[in-house]
1. Sum -39500 (n - 2.57) across every DSSP H segment of at least 4 residues in chain A, then divide by the residue count to get the 222 nm mean residue ellipticity, nearest 500.
2. For chain B, what is the calculated [θ] at 222 nm in deg cm²/dmol (nearest 500), taking -39500 (n - 2.57) for each run of four or more DSSP H residues and dividing by its residue count?
3. Evaluate the charge dipole of segment B:74-294 about its Cα centre and quote only its size in Debye, nearest 20, assuming +1 on the Cβ of each Lys and Arg and -1 on the Cβ of each Asp and Glu.
4. How many Cβ atoms of partner chains, on average, are near each residue of B:140-152 if near means within 10 Å of its Cβ?
5. Quick one: what are the phi-derived ³J(HN,Hα) couplings along segment B:265-270, Karplus 6.51/-1.76/1.60 with θ = phi - 60°, whole Hz, x for glycine and proline?
6. Placing +1 on the Cβ of each Lys and Arg and -1 on the Cβ of each Asp and Glu in the protein assembly as shown, which of A:Thr98, B:Ile206, B:Thr164 has its Cα farthest towards the positive end of the resulting dipole?
7. When the Karplus curve 6.51 cos²θ - 1.76 cosθ + 1.60 is applied with θ = phi - 60°, which whole-Hz ³J(HN,Hα) does each residue of segment B:144-155 get, with x for Gly and Pro?
8. To the nearest whole number, what is the average tally of beta carbon atoms from other chains within 10 Å of the beta carbons of peptide B:34-44?
Amino acid sequence: MTILTGKTGTRGGLRPLLRKIWEHRADYAYVLPAIAVMLIVIAYPIYYTVELSFFNTPPGLQLRDKIFVGVDNYTAILSSEIFWKVTSNTLIWTLASTFIAFVLGFACALALHRDFVGRGVLRAILIIPWVISAVAASYIWKWIYHSDFGIIGAVLVQFGLADRPPNFIDSVSTVLPSLIVVNIWREFPFAMIMMMAGLQTVPDQLLRAAKVDGANAWQRFWHVTFPHLRNVSTVTILLLAVANFNSFIIPWIMTGGGPSNASHIWITHIYELAFGRQRWGVASAYSVLLFLILMMFGYFYVRALSGNERKDGSA
Amino acid sequence: MSTTAETAARGQPRRRMRVDGWRWGGRIFLVFMVLYTALPMIWMLLTSIKSGFAAMQFPPQWWPDQPTLASYQKLLDPQNSVGQDFLRFFWNSLFVSTATTMLSVIVAVPAAYAFSRFTFPGRNFLFFAVLLRNMFPAVIFLVPLFILMRAIGLVNTHGSLILTYLTFGLPLAIWLLKGFYDNIPVQLEQAARIDGATRFQAFILIVMPLSAPGIIATAIYSFIGAWNEYIYAYTFLSKNEQLTLPVGIQRFFSENTTDFPGLMAASFIMSVPVVVLFLVLQRYFVRALTEGAVKH
């Protein structure tokens, strides 16, 4: 039990490794609770999902009587029309939400970076959407978009921009953009907080030096501020992308995936397959595919984070 | 907004000859963002103090003609059935969130400390394995977890929620706290141990107080996450008296689809605790993110 022995080389065979593990046995006690919880709630579900994805589970059949069907579930998914519809929805949803939320959040962080009267109040107001529950947010916006009594429709009619209130979430062409607006409303504050934290680490001397050298505001931002924020930006964008890819509540509560699947994204579709139509096998196969895609995200996530680690170690 | 601008200009000692386009752009942008953020919430509040009849009008009453607190009275009155349900959902949410918060601090603090201080084989692997939890959506875990919870007899109990909520709060908690411990000089602990403290005493008396902002931030994050969680609560709980607020409200208003003032009042009441908590403690949260996660 040594505090910070420093990294020793990892050469040597199994025996030294085992000895090292034994020497550090007390250290594991600290992480054991965390790891145990993680194992129960993560490792087992992943194993079970992969197993179930190779079985057919007709409705009305007990789950333990499932029928082995090999990769049929996968081929059925990839050849179905709805798969491609849902995938394109998910891509639009994830890319648009992530990009716009990040840009808006970053811009807010920059605009709030300089001290002025009322800054704290503005910051507090801007953060609120991120804090309130997505269920509450969904209901608020559902009411705002309401096709008869919604306030946006009413404003458009009052100003003569529309004859009658438009259908925002009951129309195939507008439902996805309308939901993305809600999602961005809830997520840009997260990007703002992360980037505000990042901005505080940009050294003032560098900015002043650049100013003395005659750099204008844009050049100072692009050549000094932004390079300092590259790591934070990567982590923020990845976290946003993953959260968007995995979002469920907003489409589920506001539209349930409708009208005619126009707002179904992967997660809502999987949920409906599993809990709506009891097709656990297909839903599990979907989950495994999703899992593989997320592993790709995960690879970049770990790389971004371990970029932090390396710098940390050398500092 | 104009007073803000004047004060900002006065605070600036250097005289500006030309209009600073970037700053004006920033101000206009901020006004736009504040409207985007605040107007939906203002409309929620205005709707919640209308009667059901007044809410269903076209063109709408921009300002309620006869403001009424009837929706709030209905929701918060323990005498009628609606109020009874709503208050029960509220306490359920409070219980689950508080238990989750306390447990995640208890589990995350030692884990983060170990990841920061000790070098044991597999340390990096375990650290990233914990972080990877954030990558996976709840839906993947729903079915197997439901079966697991049934096997260990936790279905339809709040325990099932607390156990699952723990795991999605933990990764960020451990990550944040590890950053904090990395920044606390190890010499402080060594000095304490030379003075005769045990490692545990050094941890409790030296390290814990220094990492208090991180622990507060972790606690806020867990609490808000648990308070707002929907999918697991929606799937794991079926008994009406156990529902938490998000699910309870959804169940309740899928039966009364036209009671928008009631729905807005419920959304407002549901948002109050987390918003107040966050606004009171937000400086810790931003500081923890800066020191724990970003500054490396």
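1. On the way: 15 runs with 204 residues, N = 315.
Estimated from H runs of four or more residues: -20500 deg cm²/dmol.
2. About -23500 deg cm²/dmol.
3. Dipole magnitude for segment B:74-294 comes out near 460 debye.
4. 6
5. 5, 5, 4, 5, 4, 5
6. Going by the charge dipole, the pick is B:Ile206.
7. Each residue of segment B:144-155 in turn: x, 5, 4, 5, 4, 5, 5, 5, 9, x, 10, 4 Hz.
8. The mean count of partner-chain Cβ atoms within 10 Å per residue comes to 6.
Bear in mind these aren't lab numbers, they're just calculated from the coordinates by the rules spelled out. The model shown is predicted, which means the values in this text are computed figures rather than measured ones. Virtual Cβ from ideal backbone geometry, glycine too; neighbours counted across all protein chains shown.
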